[in-house]
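Chemist: Take this structure first; my questions come after.
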Amino acid sequence: MSSTPPASAEVAGVEPDVPASARSLAIIMDGNGRWASGRGLPVAAGHREGTRALRRTVEAALELGVESLAVYAFSTENWARPLDEVEALMEIFSETIERELPELARQGVRTRFIGRRDRAPVELLDRMEALESETCANDRLQLWIAFDYGGRAELVVAAKRLVEAGVEAGEIDEALVAAHLYAPEMPDPDLVIRTSGELRVSNFLLWQLAYAELVFVDRQWPDFGADDLRSALEDYTRRRRRYGGR
């Protein structure tokens, strides 16, 4: 399921076989605040509408044969937002686990959270862990929710874990670093989608998206839906992934 190219393909500069359609996706869900502002609504209204966009996007991914979907929900930098917005987001995350994700679980979605866990409110953390436990046997689609996540922070954590394990410098290679990331079993994304027209990756999955294809969508996240996902996947099928080859 991972899109990481075989080492032999990288050395030889040969393009490896890739699936006709992306099976592993990542989405930077951007634009909730601007969506709300444009409608004269509080920012929290945009975030709540964004949770509904998440549910319908996951359901569309199920129909389109996607196997793994990682979404950027809350970054390590988002704690710097106004306190009232952060508090509203924590409440909305709890609501999402209670109202939106259980139906996805019934459809075979396994949910896991990647990122730090030491700063989440206790009630939210309990709900996150309960959902992970309740969906651990589901295998139709793997949903990875990046919460209190930063790509640079993840690499620092991996480095610390290697040091704590007593690994010698000469033993460290890419496979060993990958094995010490937050979720080593998460496949590298074939395709990364960012909404709202912004053209950057914003510290998301810096290690994992090394060879991912990127699609930037002008639509704000609360308006994103099945047609947008299908269009991004169709765009992917028209590309040729070289992994450094010609």
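The numbers here are math on the coordinates, done by the rules we state, and not lab data. Nothing here was measured: the structure is a model prediction, and the numbers come from that model. Positions of Cβ are generated from backbone atoms using ideal geometry, with glycine treated the same way; all protein chains shown enter the neighbour counts.
Chemist: Given the C-alpha atoms of the chain, compute the convex hull and give its volume per residue in Å³.
Modeler: 132
Chemist: Counting alpha carbon pairs within less than 8 Å and at least 6 residues apart, what relative contact order, in whole percent, applies to segment 21-237?
Modeler: 32
Chemist: Quote to one decimal, in nm, the extra length available between residue 39 and residue 171 on full extension: 0.36 nm per residue of separation minus the C-alpha distance between them.
Modeler: Residue separation times 0.36 nm, minus the Cα-Cα distance, leaves 42.0 nm.
Chemist: Have a look at 114, 172, 193 and tell me which one the Gaussian network model of the chain (Cα, springs below 10 Å) gives the largest fluctuation.
Modeler: 172
Chemist: Further question: GNM on the chain, C-alpha springs below 10 Å: top fluctuator among 46, 33, 170?
Modeler: Residue with maximal mean-square fluctuation among 46, 33, 170: 170.
Chemist: Also, I was wondering about something else. If the only charges are +1 at each Lys and Arg Cβ and -1 at each Asp and Glu Cβ, what is the size of the charge dipole of the chain around the Cα centre, to the nearest 20 debye?
Modeler: Rounded to the nearest 20 debye, it is 580 debye.
Chemist: Could I ask something else about it? Could you work out how much longer the chain between residue 136 and residue 160 gets when fully extended? Use 0.36 nm per residue separation minus the Cα distance between them, nm to one decimal.
Modeler: 5.9 nm
Chemist: Most fluctuating residue of 164, 154, 59 in a GNM of the chain with Cα springs under 10 Å: which is it?
Modeler: Highest fluctuation among the options: 164.
Chemist: Among rounded, prolate and oblate, which fits segment 132-215 when a ≥ b ≥ c are the square roots of the eigenvalues of its C-alpha gyration tensor, a/c under 1.5 means rounded, and a/b larger than b/c means prolate?
Modeler: Since a/c reaches 1.5 but b/c is at least a/b, the shape of segment 132-215 is classed as oblate.
Chemist: Can you tell me how much longer the chain between residue 119 and residue 198 gets when fully stretched, taken as 0.36 nm per residue apart minus their C-alpha distance, in nm with one decimal?
Modeler: 25.7 nm
Chemist: Could you tell me which trypsin sites (Lys or Arg not before Pro) in segment 123-216 are loop residues by DSSP with no more than 16 other beta carbons within 10 angstrom of their beta carbon?
Modeler: 140, 200
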